[in-house]
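What follows draws every value from the coordinates through simple rules; no lab data is involved. Remember, predicted model here, so these are calculated numbers, not experimental data. Here Cβ is always computed from backbone atoms with ideal geometry, including for glycine, and neighbour counts include all displayed protein chains.
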Ligand SMILES: [Zn+2]
Ligand SMILES: [Zn+2]
């Protein structure tokens with residue numbers, strides 16, 4: 001019997017800060033949030049950026065309880081601001097379990113709670129009607145239902161995880177924030193072992209593509225990479241498809257169109273993966289290879 005496809009759905013594809021305006025009409029302005037699901041079952045959510053707000057409306061608002069798991073890469077604003085606006089958490093029967101990188105300052109749930117309290121935000125985590133449970137994660141392997149999850153620390157600014165989910169015969173790697181300039185004296189084409197492990201032969205790699213090469217030259221310590229490096233990672237890992245992700249707010253739709261053309265060209269020249277640019281609302285169904 002053939003297995004059901006894993007649906008990948010992009011709800012927020014922007015990095016650094018959400019943005020609005022006609023120049024973002026096609027790729028979208030919400031910050032990082034992607035869901036995986038099989039046959040309408042409980043989803044696995046990558047990151048809790050502002051894209052989590054429209055996702056909450058899709059899954060039924062506060063009308064009924066919600067159960068799901070989130071894999072949170074790190075605590076930067078563009079990855080967490082959607083949580084209090086996730087309307088399913090307005091329902092007392094809702095449960096969201098969040099795996100997030102362990103922090104030197106204490107349990108990650110406590111550390112997260114410090115930014116969700118007055119004067120930074122009017123309500124606390126405890127005042128949400130639904131239940132949110134945080135689990136500290138590091139270089140771990142664990143299961144969520146039938147899915148096998150791998151989390152690994154990756155080079156960025158501050159403790160940051162990348163994830164890989166193997167589910168129903170399909171593998172998806174999510175490395176939203178990844179800077180090739182963050183590791184000291186290594187060459188610009190060096191890829192850390194944990195990133196290669198996450199992306200190894202993946203059906204889909206969703207990867208940081210924040211900069212063009214000239215932009216990266218000026219911003220090499222910002223924790224992000226060029227889109228060429230995203231192609232390099234996916235090709236080196238033998239991935240089948242690459243989604244350019246974490247688009248820079250300075251890149252309007254036309255700029256991303258040009259980046260996509262150049263990335264496809266670079267991939268074609270090196271026998272790399274199929275490349276597309278992540279866009280808000282885009283759904284990709286991945287089927288197990290037989
Ligand atoms: Zn980010
Ligand atoms: Zn970041």
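Figures for the structure shown
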{"read-out": "Fewest-first sequence of 174, 24, 120 by Cβ atoms within 10 Å of each Cβ", "value": "120, 24, 174"}
{"read-out": "Residue-averaged 222 nm ellipticity for the chain, from DSSP H runs of 4+ at -39500 (n - 2.57), nearest 500", "value": "-5500 deg cm²/dmol"}
{"read-out": "Peptides 232-245, 82-95, 130-143 ordered by average Cβ neighbours within 10 Å, highest first", "value": "232-245, 82-95, 130-143"}
{"read-out": "Beta bridges per DSSP with both ends in the range 31-162, % antiparallel, nearest 5", "value": "40"}
{"read-out": "Whether the range 31-148 is rounded, prolate or oblate, judged on the alpha carbon gyration tensor where a/c under 1.5 counts as rounded", "value": "oblate"}
{"read-out": "Listed residues 97, 160, 73, most fluctuating in the chain (Gaussian network, C-alpha, under 10 Å)", "value": "97"}
{"read-out": "Among 183, 248, 33, residue whose mean-square fluctuation peaks in a GNM of the chain (springs only between Cα atoms under 10 Å)", "value": "183"}
{"read-out": "Most fluctuating residue given options 78, 253, 47, as computed from a GNM of the chain linking Cα atoms under 10 Å", "value": "253"}
{"read-out": "Considering only the range 139-241, percent of DSSP beta bridges that pair antiparallel, nearest 5", "value": "75"}
{"read-out": "Cα long-axis angle, helix 253-269 against the chain (0 to 90 degrees, to the nearest 10)", "value": "50"}
{"read-out": "Fraction of antiparallel bridges per DSSP, the chain only, in percent to nearest 5", "value": "50"}
{"read-out": "Sequence-separation-based contact order of the range 181-290, relative, with Cα cut under 8 Å and 6+ spacing, percent", "value": "27"}
{"read-out": "Whole-angstrom gap from the range 156-226 to the range 71-94, using each part's C-alpha centre", "value": "23"}
{"read-out": "Normalised contact order of the range 8-286, rounded percent, pairs of Cα under 8 Å and 6 or more residues apart", "value": "17"}
{"read-out": "Tilt relative to the chain, helix 227-237 - C-alpha long axis, 0 to 90 degrees, to 10", "value": "90"}
